[in-house]
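As structure tokens, the structure follows; a few thoughts come after it.
The values are calculated or read from the model by the stated rules, or taken from the named source; none is laboratory data. As the structure is a computational prediction, the values presented were derived from the model and not from experiment. Note that we place each Cβ from the backbone using ideal geometry, even for glycine, and neighbour counts take in every protein chain shown. For the accessible areas, the whole protein counts, side chains as well, though only heavy atoms, and no ligand, DNA or RNA atoms are used. Shrake-Rupley method; radii C 1.70, N 1.55, O 1.52, S 1.80 Å.
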Amino acid sequence: MTDHQERDTPWRLCWPTAQGRVARARLKTHPEDFRVDETLDRDTLMGHAGEHVCLYLEKTGDNTEYVARQLARIAGCRPLDIGFCGLKDRHAVTRQWFSLHRPGREGEDPDLVAAVASHWPVLAQGRAVRKLRRGEHAGNRFVIVLRDIEGDRAAIEEALNTLGRRGAPNYFGPQRFGHQGSNLTRALALDPDALKRRRGSSRNRRDKTHSERVMYFSAARAWLFNAVLAARVEAGHWDRCLEGEPAPPERAPTGPLWGDGGTLAEGPQGELERAVVARHPGFERLFSATRMAPERRPLVVRPEALAWRWREDAALEVEFRLRPGQYATTLLSDIFELEDMSLGRHNE
């Protein structure tokens, strides 16, 4: 999001960087410029037996939830019988796993695979004893092409080296917050008790309304995390633990996923986190009225196996792996001012 776009919304949606941006580039000029391969621990999750058919699909121009709905239609099952590990970008070439609940119908698997393959390439298949769940994958491998780059090559390569060594602030991506922060505005209007109720004239309407409430609530939680992380980036201690950090064994710094009771941090870190959230009393009231327990999220995103090459067309191809819940655009935005060409093309 540009500074001009942010002026049109009351929400802060541009966050401070750790390095400072050294170049400009265009992202997603073509779907093939953004490739994502989801990786699973197949030995743990999948084999040749179980009630769930698992299919590894390649898709272009379709988002994950749309594909899940279509798979339910093709398989003749309910949408909630379709499982997947994460939401993947529409304007990209993505490969990911889906599970379909088909107990006792192993003999029909070839026909199902053929029906699905008429819509999307099926790259692999198997069966699992349980449904695939969010965040259950090992991670994602990205191959991203940046075009029309404006900046010094030496400075870009130095910044990439630093990025691979130090990482970047682990912000939630802007897609969480809706167009110009619309999900955040809706979150402020939520009735906290409604998150625990399911009223309506039909089951489908109940499920849709509840899912929307959860999405808005999740957006508010993610935005508060970003606000705390931004304060720590500005203070220069985003990548190290502070006193009061409820750190995991590896002593990696974390930030709050706010809940009832606020934060798990204590001492100076807890004071900092509470002070940031106190600037947003509407969200503070929303979380205090729920029963959601506070959680933590790493403040640092570190790419694995980061590599890059300059292509003959002067584009830059960057490859790396990330853990679940981490955003490739967040990582690259620490050193590039990115223009997402898919947004202008589709007005989204």
Residues located in the stretch 253-279, provided they are buried (at least 16 other Cβ atoms within 10 Å of the Cβ) and part of a loop (DSSP other than H, G, I, E, B):
253, 258, 263, 264, 265
Which of the helices (runs of 4 or more DSSP H) found entirely inside the stretch 21-137 contain at least 2 residues meeting this: more than 28 Å from residue 169 (Cα to Cα) and open to solvent by less than 40 Å² (accessible area, probe 1.4 Å)?
64-75, 109-117
The strands (runs of 3 or more DSSP E) lying entirely within the stretch 282-322 that contain at least 3 residues which are over 20 Å from residue 232 (Cβ atoms) and touching a helix residue (DSSP H, G or I) at 6+ places or on another chain (Cβ under 9 Å) are 304-310, 316-322
Could you check, for the stretch 233-254, whether at least one of its residues is among the small types (Gly, Ala, Ser), under 27 Å from residue 164 (Cα atoms), at pLDDT 95 or above and within 20 Å of the chain's Cα centre (by Cα)?
no
Quick one: is residue 300 more than 25 Å from residue 188 (Cβ to Cβ), of a type in the set (Val, Ile, Thr) and touching a strand residue (DSSP E or B) at 6+ places or on another chain (Cβ under 9 Å)?
yes
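Rundown of residues vs (1) surrounded by fewer than 13 Cβ atoms within 10 Å (Cβ to Cβ); (2) within 19 Å of the chain's Cα centre (by Cα); (3) in contact (Cβ under 8 Å) with a residue 60 or more places away in the chain, yes/no style:
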site	(1), (2), (3)
290	no, no, yes
293	yes, no, no
312	yes, no, no
317	no, no, yes
322	no, yes, yes
325	no, yes, yes
328	no, yes, yes
331	no, yes, yes
Among the residues that make up the stretch 110-119, is at least one of them within 28 Å of the chain's Cα centre (by Cα), without any contact (Cβ under 8 Å) to a residue 12 or more places away in the chain and under 21 Å from residue 31 (Cα atoms)?
yes
Of the conditions (1) open to solvent by 10 Å² or more (accessible area, probe 1.4 Å); (2) touching a Leu at 6+ places or on another chain (Cβ under 7 Å); (3) under 19 Å from residue 161 (Cα atoms), residue 282 fails just one. Which one is it?
(3)
